[in-house]
Amino acid sequence: MQTTTLGPLTISRLALGAMLMGGKTPQDEAERILDRFRAAGGNFIDTADVYEDGGSERALAPWLARHRDEVVLATKVRFEVSDPGGAGLAPDRIRAACDASLRRLGTDVIDLYQVHAPDSAVPIEESLEALEGLLQAGKVRALGASNFPAWLLAWSVAVQDREGWTPFVSLQAQYSLVERSIELELLPFCRAAGLGVLAWGPLGAGFLSGRYARGEAAPQGGRIAEAQAGHEEAYERRAVERNFRVVDATSEIAEAHGATVAQVAIAWLLGVEGVTAPILGARTLAQLDDLLPAGDLELSDEERARLEAPAPPAPIYPQRMLREQVGIDAMPPLSRR
């Protein structure tokens, strides 16, 4: 498996998401998945304290006790958990949440500590200063953000630069062939500022698995079927004609390569400039085995264009005006001093 750099870290181009471990993925299956991912050359594991209310971190601990030096470990803070209790990004809570994650994971350092979402009740400067304190204390090695709007991500990086604090090295954001909104502002900013992009939901919560068909209900047992109305993964948001046209194109290209729809969707992401690693949220070993070959799948420019044509991000101001009247497209990196 190919590797790349993320700030001070060297990570595999495919990340393993542990969200379901300790819940839908039982301990024995979780360890088989971890072993298989490591055997394939993967070394980047992503979790969060909120996943299974700490259960995901606890599920990782026995395996990490045997393999900690072989992997890059990422977790997150923001949402409500029972230990340390409460939610948010107040400085004291960030410090307590980090200590709780370290205990659950059975490690003395977190390689990438990520802010899971903004907290409008706390000045961002206070949260960033607390995160910097964790770095200085040696409890974390690098910092990232997740689910930040572009304006707040840029503001945060500017504050870190102004104060001489260690900047974020990554943004974890939803990105797939059926959800490409980050191409408008977030992706161009990350490319210009040197932040890596970790793509969550790379299969559109399973929509790009090839299991969904026009006019049919969502198959039971998947994330889409369980999503409430209005959630990112809600079926009415995914099962629209433009997304089905993406699946049509993906299926045709997959057949030509002797690959699966999911493999093509992941391979497309791996070819996007600025994407560091898609996060594979495999629930079972069989699902992981289906996804791993994506790392070796090469798509032509023509195939990429066919995949991208049906569901581009909606044109908005000022990107639309700049493209049509000034000749500046949103995608190329900005010139920087």
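The values are calculated or read from the model by the stated rules, or taken from the named source; none is laboratory data. Keep in mind that what you see is a predicted model, and the values were worked out from it rather than measured. Backbone-built Cβ (ideal geometry, glycine too); neighbour counts: all protein chains shown. Remember, those area values only see protein heavy atoms, side chains included, never the ligands or the DNA or RNA. Shrake-Rupley method; radii C 1.70, N 1.55, O 1.52, S 1.80 Å.
Listed by first and then second residue, the pairs linking a residue in the stretch 153-175 that is touching a residue at least 60 places away in the same chain (Cβ under 8 Å) to a residue that is polar (S, T, N, Q), with Cβ atoms under 8 Å apart and 6 or more places separating them unless they lie on different chains, are Ser170/Gln114; Ser170/Thr276; Gln172/Gln114; Gln172/Ser146; Gln172/Asn147. Provide a single number: the residues in the stretch 126-181 that are crowded, with 22+ Cβ neighbours inside 10 Å, part of a helix (DSSP H, G or I) and among the polar types (S, T, N, Q). Residues flagged as crowded, with 22+ Cβ neighbours inside 10 Å, part of a helix (DSSP H, G or I) and among the polar types (S, T, N, Q) within the stretch 126-181 amount to 2.
Taking helices (runs of 4 or more DSSP H) as the structural unit, those lying wholly within the stretch 220-280 and holding at least 1 residues that are open to solvent by 20 Å² or more (accessible area, probe 1.4 Å), of a type in the set (D, E, K, R) and without any contact (Cβ under 8 Å) to a residue 40 or more places away in the chain correspond to 223-226, 235-238, 241-257. Being under 16 Å from Ser176 (Cβ atoms) and assigned to a helix (DSSP H, G or I) is the requirement here; does Leu307 meet it? Judged against the criteria, Leu307 is a match.
Restricting the stretch 281-303 to residues that are free of Cβ contacts under 8 Å to residues at least 60 places away in the same chain and of a type in the set (S, T, N, Q), which is most open to solvent (accessible area, probe 1.4 Å)? Looking at residues that are free of Cβ contacts under 8 Å to residues at least 60 places away in the same chain and of a type in the set (S, T, N, Q), I get Gln287. Looking only at the stretch 87-106, count how many residues are open to solvent by less than 20 Å² (accessible area, probe 1.4 Å) and out of contact with any Asp or Glu (no Cβ under 8 Å at 6 or more places or on another chain). Residues meeting the conditions: 2. Among the numbered conditions (1) farther than 20 Å from Pro123 by Cβ; (2) open to solvent by 50 Å² or more (accessible area, probe 1.4 Å), the only one that Val197 does not meet is (2).
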